[in-house]
Amino acid sequence: MQTRLSGKNLLFIGTMLFGLFFGAGNLIFPIFLGQQAGRNVGSAIIGLLITGIGLPLLGVIGMGLTRSQGVFDLAAKVNRTYAYIFTVLLYFTLGPLFAMPRLATTAFQIGLAPFITNKQQPLVLLIFSILFFGLTWFLARNPGKIMTYVGKWLTPLFLILLGALLLVAMIKPLGSLNVTATGAYAAHPVLTGFTEGYNTMDALASLAFGIVVIDAIRNLGITDPTQIATGTIKAGVISMSLMAVIYALLAIAGTMSLGRFAPATNGGITLAQIANAYFGWFGNILLALIVIIACLKTAIGLTSAFGDTLHGLFPKISYQWLIVLACLIPAILANVGLTEKITYSTPVLMFLYPLAIVLILLAVLSPWLGTSRWLYGMTTAWTLIPAILAGVAAMPSAWTHATIFQSLLHLNTALPLASLGLGWSAPALIGFVLGWVISRFTAKPSMD
């Protein structure tokens with residue numbers, strides 16, 4: 001039995017974690033940023049990395065520092081009822097109800113839709129979604145094999161294919177970086193990149209995938225909590241470092257693409273144009289493979305994390321039945337339009353995100369502040385109302401005509417930094433200070 005991770009296994013786990021994080025959205029978003037940022041792309045990348053990489057990394061580090069066994073263990077430092085509600089809502093949102101159906105739809109629209117007629121697309125999407133989630137279920141059946149499937153097979157293949165495209169893009173650029181920035185990137189590139197990175201919401205995924213990393217380390221025979229925590233943190237650093245490099249290269253490729261192509265409405269279009277410019281018809285096939293693999297590996301991780309976590313919360317329901325549920329629901333929902341899924345999911349994500357960030361920051365600060373119930377409870381309580389307001393603000397306008405919703409929208413805009421999506425930050429800080437003061441003057445035991 002090992003007492004600590006070898007360098008080779010640590011690399012595989014870090015690669016696996018990168019693979020779980022890096023879906024199609026992470027692939028096409030930096031391209032779009034690069035087109036908009038123009039000559040300010042360097043500053044925009046810095047802002048993007050602060051939140052788009054920094055927050056997920058802090059999430060993984062927080063799991064390690066608190067030695068939590070998963071998101072439920074971390075949220076239970078508020079109280080167990082809250083932990084059950086938050087954990088179930090998080091995993092259903094990132095799993096079968098919202099994120100996973102979008103993975104299949106995105107993979108289809110970017111990878112396969114260009115090859116078929118509009119009339120054929122509904123039937124082909126149905127067949128593709130069944131095959132996609134059938135394969136996801138097959139590869140998620142054994143959680144102990146996730147590191148092999150994702151860390152040793154799918155992610156290296158993804159990196160080889162994407163690396164070939166990016167290498168050619170850097171060696172034979174389509175244009176220069178000296179192009180005009182547009183929109184908010186012209187005046188405030190760092191702040192705009194910061195806001196866009198925040199809006200990726202990868203911090204939620206860092207909590208969801210923590211259990212996959214912890215299980216992978218345990219399956220290698222590591223049982224010491226300190227070594228599990230250290231391995232989790234190191235894997236997080238490896239995965240986020242790799243993601244940062246790819247984000248930067250994709251953004252630069254997006255900027256240089258303006259030398260040949262007009263700005264597109266989304267990064268998927270530009271990525272397809274770049275692939276076709278360098279490789280012709282083979283570029284379309286290359287991009288299809290890149291996008292489908294990107295979505296598949298993330299789907300495997302979400303399915304495994306869903307089954308593992310909910311089996312822990314509800315032991316009477318087996319892991320195998322839970323992953324069947326996790327794949328069956330999105331196989332059906334994937335055939336609902338992508339726009340509709342985004343419409344329904346965004347308010348829930350905007351509600352969960354502030355609560356997740358608060359948990360992450362408290363976890364990272366735990367070596368210095370401890371894990372008092374007062375500290376966690378007060379900070380979370382003061383974050384809850386602005387989190388609800390953020391969810392309401394993200395609702396479609398057609399839903400918010402009622403007077404009560406209009407009042408909530410006005411209240412949300414009155415919060416400091418609400419325009420940046422950070423309206424929760426000032427109330428959370430008040431709750432944090434109150435919780436810390438109370439924890440210092442009470443005899444309540446620590447929730448270690």
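Details
- Residue count for region 404-444, restricted to those that are loosely packed, with under 14 Cβ neighbours inside 10 Å and in contact (Cβ under 8 Å) with a residue 60 or more places away in the chain: 2.
- Pair list, Cβ under 6 Å, 6 or more apart: region 256-270 residue at positive phi, other residue of a type outside the set (Val, Ile, Thr) and surrounded by fewer than 13 Cβ atoms within 10 Å (Cβ to Cβ): none
- Residue within region 78-85 that is out of contact with any Asp or Glu (no Cβ under 9 Å at 6 or more places or on another chain), crowded, with 20+ Cβ neighbours inside 10 Å, aromatic (Phe, Trp, Tyr) and assigned by TED's automatic domain parsing to the domain that holds Tyr247 present: no
- Any chance Ala294 is among the aliphatic types (A, V, I, L, M), in contact (Cβ under 8 Å) with a residue 24 or more places away in the chain, closer than 30 Å to Leu322 by Cβ and assigned by TED's automatic domain parsing to the domain that holds Leu97: yes
- In this structure, Tyr185 does not satisfy being at pLDDT below 95 and of a type in the set (Phe, Trp, Tyr).
- Here Ala264 passes the criteria (1) hydrophobic (A, V, I, L, M, F, W, C); (2) part of a helix (DSSP H, G or I); (3) surrounded by 15 or more Cβ atoms within 10 Å (Cβ to Cβ) except the one numbered (2).
- Search result, residues across region 160-180 that are in contact (Cβ under 8 Å) with a residue 24 or more places away in the chain and assigned to a helix (DSSP H, G or I): Leu161, Leu162, Ala164, Leu165, Leu166, Val168, Ala169, Met170
- From the list Ser372, Ser318, Ser345, the one residue that fits, being of a type in the set (S, T, N, Q) and surrounded by 21 or more Cβ atoms within 10 Å (Cβ to Cβ), is Ser372.
- Test: Thr81 is in a helix (DSSP H, G or I), among the polar types (S, T, N, Q) and within 24 Å of Ala235 (Cα to Cα): no
- Listed by position, the helices (runs of 4 or more DSSP H) inside region 181-240 whose residues that are under 23 Å from Asp73 (Cα atoms) number at least 3 are 202-219.
- For region 252-261, the set of residues classified as in a helix (DSSP H, G or I) and either over 19 Å from Pro189 (Cβ atoms) or in contact with a Leu (Cβ under 6 Å, 6 or more places away or on another chain) (or both) consists of Thr255, Met256, Ser257, Gly259, listed by residue number.
The values are calculated or read from the model by the stated rules, or taken from the named source; none is laboratory data. All figures in this text were calculated on a predicted structure; none of them were measured in a lab. Cβ: placed from backbone, ideal geometry, glycine included. Neighbour counts: every protein chain shown.
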